[in-house]
Amino acid sequence: AQKVTQAQTEISVVEKEDVTLDCVYETRDTTYYLFWYKQPPSGELVFLIRRNSFDEQNEISGRYSWNFQKSTSSFNFTITASQVVDSAVYFCALSEEFSQGGSEKLVFGKGTKLTVNP
Amino acid sequence: NAGVTQTPKFRILKIGQSMTLQCTQDMNHNYMYWYRQDPGMGLKLIYYSVGAGITDKGEVPNGYNVSRSTTEDFPLRLELAAPSQTSVYFCASSYPRQNEKLFFGSGTQLSVL
């Protein structure tokens, strides 16, 4: 069965530090999709990135970057020069192409709470 | 574009009461979902729907019911509320498949006392 592990429950950094949030996944499928979502203190969930299993290129979007490594089943998220506004809970999620029962079930990790202090 | 709209934002129920959480989306998305979020536990899927008239159970469906009579609406019904149903509930939608990104509503914080 698919599984997502975010081993870091909470991380606290000082503004301008770089921080990496870890995500390790388990799946038997060769085709799958990985996601990151952000949940700021206001509570809404915001999509950050979607990556399919055939695209191992790292991605950079401003201060955000993602490192996808199939060899270690990891999809880590790095924030460069962190800011107070980055304080949030970040969720990693995995969706297989064909889950048992025919639905493409999306499974979330338990989340990592990031606090960026001024 | 309103996106995904959930009501109410907050609700307190007494044990044994029933209520319906409303969810509507104006993006013509075929997939809709209900998740619950418990502290430190991530999001767990309650029910989902692949289109009007079609619903299916997720990981934690017990104590809940859903219906999907239109593309836009996907209400979640709690019958005989229990303290274990105290949680934050999120409705979401996606198109055309679940492998696409989810658009979330703002959530409903429910307490059962």
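The values are calculated or read from the model by the stated rules, or taken from the named source; none is laboratory data. Just so it is clear, the model here is predicted, and its values are computed rather than measured. Cβ coordinates were reconstructed from backbone atoms using ideal geometry, including for glycine residues, and neighbour counts include every protein chain displayed. These area figures cover heavy atoms from the full protein model, side chains too; ligands, DNA and RNA do not enter into them. Shrake-Rupley method; radii C 1.70, N 1.55, O 1.52, S 1.80 Å.
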- Item | Where residue A:89 falls short, out of the listed (1) more than 11 Å from chain B (Cβ to nearest Cβ); (2) open to solvent by less than 50 Å² (accessible area, probe 1.4 Å) | (1)
- When segment A:104-118 is examined, which residues are found to be part of a strand (DSSP E or B) and modelled with pLDDT of 95 or more? A:112, A:113, A:114, A:115, A:116, A:117
- Message: Condition check: more than 8 Å from chain A (Cβ to nearest Cβ) and open to solvent by 60 Å² or more (accessible area, probe 1.4 Å). Does residue B:110 satisfy that?
- Response: no
- Query: Of A:5, A:80, A:9, which residue is in contact (Cβ under 8 Å) with a residue 12 or more places away in the chain, more than 13 Å from every other protein chain (Cβ to nearest Cβ) and not hydrophobic (A, V, I, L, M, F, W, C)?
  - Reply: A:80
- Of all residues in segment A:11-27, how many are open to solvent by 60 Å² or more (accessible area, probe 1.4 Å), part of a strand (DSSP E or B) and more than 25 Å from residue B:103 (Cα to Cα)? 2
- Say we look at segment B:47-100 and pick out the residues that are among the aromatic types (Phe, Trp, Tyr) and within 14 Å of chain A (Cβ to nearest Cβ); which of these is nearest to residue B:113 (Cα to Cα)? B:89
- Check off (1) more than 22 Å from residue B:94 (Cβ to Cβ); (2) facing chain B (nearest Cβ under 10 Å) for residue A:31 and give me the number that stays unchecked. (1)
- Task: Given the conditions (1) surrounded by 15 or more Cβ atoms within 10 Å (Cβ to Cβ); (2) at pLDDT 95 or above, report the number of the one that residue B:18 does not fulfil.
- Result: (1)
- Failed item, numbered, when residue A:94 is tested on (1) crowded, with 16+ Cβ neighbours inside 10 Å; (2) more than 9 Å from chain B (Cβ to nearest Cβ); (3) under 15 Å from residue A:12 (Cα atoms): (3)
- Query: Which residues, taken from segment A:1-10, are open to solvent by 30 Å² or more (accessible area, probe 1.4 Å), β-branched (Val, Ile, Thr) and in a strand (DSSP E or B)?
  - Reply: A:5
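Yes/no per residue for (1) among the charged types (D, E, K, R); (2) more than 10 Å from the chain's Cα centre (by Cα):
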site	(1), (2)
B:48	no, no
B:55	no, yes
B:58	no, yes
B:67	no, yes
B:70	no, yes
B:73	yes, yes
B:81	no, yes
B:84	no, yes
- Note on the structure: Checked pairs for segment A:28-57, first surrounded by 15 or more Cβ atoms within 10 Å (Cβ to Cβ), second of a type in the set (Val, Ile, Thr), C-beta under 7 Å and 6 or more apart or across chains, list as A:35/A:49; A:36/A:49; A:37/A:46; A:38/A:46; A:39/A:89; A:53/A:30; A:53/A:31
- Note on the structure: Restricting attention to segment B:1-15, the residues that are part of a strand (DSSP E or B), farther than 18 Å from residue B:71 by Cβ and open to solvent by less than 60 Å² (accessible area, probe 1.4 Å) number exactly 1
- Might you check whether a residue that is at pLDDT 95 or above and over 23 Å from residue A:41 (Cα atoms) occurs anywhere in segment B:101-112? no
